[in-house]
Amino acid sequence: MANEEKDLRIRSHVYDGMVKAPNRALLRATGMKDEDFKKPIVGVISTWAENTPCNMHLEGLGKLAKKGVITAGGWPVQFGTITVSDGVSMGTRGMSFSLPSRDIIADSVEAAMSGHNCDAFVAVGGCDKNMPGSMIAIANTEIPAIFVYGGTIDPGNLDGKDIDLISIFEAVGQWNHGDISSEEVNRIECNACPGPGGCGGMYTANTMASAIEAMGMSLPGSASHPATTEEKKKDVE
């Protein structure tokens, strides 16, 4: 007797049956075919945004995650949600929206995954409140899920030496004390953050990523892979 292929769907089987033909008609417009309705629907939801280097590359990582879902036999559906950058909003009224953004992320991820009857999901985050927001959603949705950290930023370079976000914080302090000029502060400012990735220090993003890895909710070693590396691409695929 031939072995029947196991149905891995947890929730999306609700789209089976004649009365769900209208639902399927809309899903077919997104690219689904007959054989795809037998696959688990796997959400890929990221906090991609262009307001911060922490998140500006996450859309691309989400697309790589979709490839991984397809390879594993699932049907990937990419979603997005909001982010607030602590590093950009700090010292302004905008910082009062940082902590609320955690719960907005948690609620929106849960709403998207549950509202569309996803069977599992991959959450991709980069900035501070992205991580706890995603983890709250993972706990609340009660379906298989994993978190992927977007990775930390590469160091900058000035006069042949590595510098980072910590360097510019220290430079402001030195300028306040009269030890360096405003021109030197500007040179450090313009070279400290060269591209995508979370803040280059053991701040909230890297701390949360390490904690999530220790909890077993992200792949081993993934918290320490920088944003621009091949290792980070492999984390999501």
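The values are calculated or read from the model by the stated rules, or taken from the named source; none is laboratory data. Keep in mind that this is a model prediction, so the values were computed, not measured. As a convention, Cβ positions derive from the backbone with ideal geometry for all residues, glycine included, and neighbour counts pool all protein chains shown.
At-a-glance table
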{"read-out": "Number of the condition not met by Arg93 [criteria: (1) under 16 Å from the mean Cα position of the chain (by Cα); (2) within 30 Å of Ala192 (Cα to Cα); (3) charged (D, E, K, R)]", "value": "(1)"}
{"read-out": "Residues that are in contact with a strand residue (DSSP E or B) (Cβ under 9 Å, 6 or more places away or on another chain) and among the hydrophobic types (A, V, I, L, M, F, W, C), drawn from the range 191-214", "value": "Ala192, Cys193, Cys199, Ala205, Met208, Ala209, Ile212"}
{"read-out": "Failed criterion for Gly200 (all others in (1) touching a Ser or Thr at 6+ places or on another chain (Cβ under 8 Å); (2) without any contact (Cβ under 8 Å) to a residue 24 or more places away in the chain hold)", "value": "(2)"}
{"read-out": "Residue within the range 3-16 that is of a type in the set (S, T, N, Q) and modelled with pLDDT under 95 present", "value": "yes"}
{"read-out": "Of all residues in the range 9-23 being surrounded by 15 or more Cβ atoms within 10 Å (Cβ to Cβ) and not polar (S, T, N, Q), the one that is nearest to Ala112 (Cα to Cα)", "value": "Arg11"}
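One line per residue, one yes/no per condition, for (1) in the same structural domain as Ala65 (by TED's automatic domain parsing); (2) more than 19 Å from Ile45 (Cβ to Cβ); (3) in contact with a strand residue (DSSP E or B) (Cβ under 6 Å, 6 or more places away or on another chain):
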| position | (1), (2), (3) |
| --- | --- |
| Ile136 | yes, no, no |
| Ser167 | no, yes, no |
| Gly216 | yes, yes, no |
| Pro220 | yes, yes, no |
